[in-house]
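Derivation of every value follows stated rules applied to the coordinates shown; laboratory data play no part. None of these values were measured; they are calculated from a predicted model. A quick note on method: Cβ atoms are made from the backbone with ideal geometry, for glycine too, and the neighbour counts reach across all protein chains shown.
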Amino acid sequence: MSEQQSSSGASEESDARQEAADQVVERVESWDEGAQPETIREDLEEGMEQAEVEVDDGDLEQMAEEIHDEGGTDTPEVG
C-alpha cells in the first residue's frame, strides 16, 4: 500500500469517527432535552461506545452540562 493510500484511508476513518460522534451528540441533544446532566452523560458515553469513538471523561461531563444548561453542545474533535 502506498503512503498516499494509507493516509487517505486513515483520513476517511477519522472522518467517519467524527461523523459518528456528531450523530451521537445530535441524538442526545434531541432525546435528552430537559434531562439531568447525569442521564445525558450516560447517554453520550453509551452512544460514543456504540459508535466506537473515544471521548475523554472531562469532555463528556462538559458536553452533558452544556446540553442540560443550553440545549446543545459542540462535538469534540475525535481522531
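Being assigned to a loop (DSSP other than H, G, I, E, B), more than 21 Å from ALA10 (Cα to Cα) and of a type in the set (S, T, N, Q) is true of THR73. Within region 12-49, restricting attention to residues that are in contact with a helix residue (DSSP H, G or I) (Cβ under 6 Å, 6 or more places away or on another chain) and of a type in the set (D, E, K, R), the residue that is surrounded by the most Cβ atoms within 10 Å (Cβ to Cβ) is ARG41.
Residue pairs whose Cβ atoms lie under 6 Å apart, separated by 6 or more positions or on different chains, with the first residue in region 30-50 and touching a residue at least 60 places away in the same chain (Cβ under 8 Å) and β-branched (Val, Ile, Thr) and the second part of a helix (DSSP H, G or I) and exposed (fewer than 12 other Cβ atoms within 10 Å of the Cβ), do not occur.
Every residue, every condition in (1) among the charged types (D, E, K, R); (2) more than 10 Å from the chain's Cα centre (by Cα); (3) not in a helix (DSSP H, G or I), yes or no:
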{"position": "ALA16", "(1), (2), (3)": "no, yes, no"}
{"position": "ILE40", "(1), (2), (3)": "no, yes, no"}
{"position": "GLU45", "(1), (2), (3)": "yes, no, no"}
{"position": "VAL78", "(1), (2), (3)": "no, no, yes"}
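Restricting attention to region 62-76, the residues being among the acidic types (Asp, Glu) and under 12 Å from the mean Cα position of the chain (by Cα) number 1.
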